Amino acid sequence: MDPAVAQFLPHLPWIIGGALGIGLISTFGWIHTTKLKIKHGYPLEGMWGQSLKPSTDGQTAERVKLLTQENAELRAELGAMKDRLANVERIVTDSGYHLGSEIEALRERALAASKPEGNA
């Protein structure tokens, strides 16, 4: 056996272990980086730099358009519900006497308007 190889053989397990360790650390680092990109919404890229996620095809644009429209409709409905809730809260928290007196005043006004004016 060559003396240079004989000096190299005792260190071979450390060299192989170091190479495997560096490979594993690199792989786990890549996985961790990808997980962080996904978590925070950054686009993922393929091996040649093409965009993988989120895709920008026509279906995605149409879906965003539909979701934006639905969001606007839901916001309008929420505004209407807030107005209705404010009216219900006003009716519930209004004192019964005050509400009753307003109803009676309206009834009296309606009766006065419906009576024909005549000479008596």
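The values are calculated or read from the model by the stated rules, or taken from the named source; none is laboratory data. Fair warning: this is a prediction, and the values are worked out from it, not measured in the lab. Ideal geometry is used to build each Cβ from the backbone, glycine not excepted, and the neighbour counts take in all protein chains shown.
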Requested in this report: Output the residue which, of all residues in the stretch 37-89 that are within 30 Å of L99 (Cα to Cα) and of a type in the set (D, E), is modelled with the lowest pLDDT.
Outcome: E89
Requested in this report: Go through (1) more than 18 Å from the chain's Cα centre (by Cα); (2) assigned to a helix (DSSP H, G or I); (3) surrounded by 10 or more Cβ atoms within 10 Å (Cβ to Cβ) one by one and return the number of the condition L52 breaks.
Outcome: (2)
Query raised in the report: Is it the case that I91 is touching a helix residue (DSSP H, G or I) at 6+ places or on another chain (Cβ under 9 Å) and assigned to a helix (DSSP H, G or I)?
Result: yes
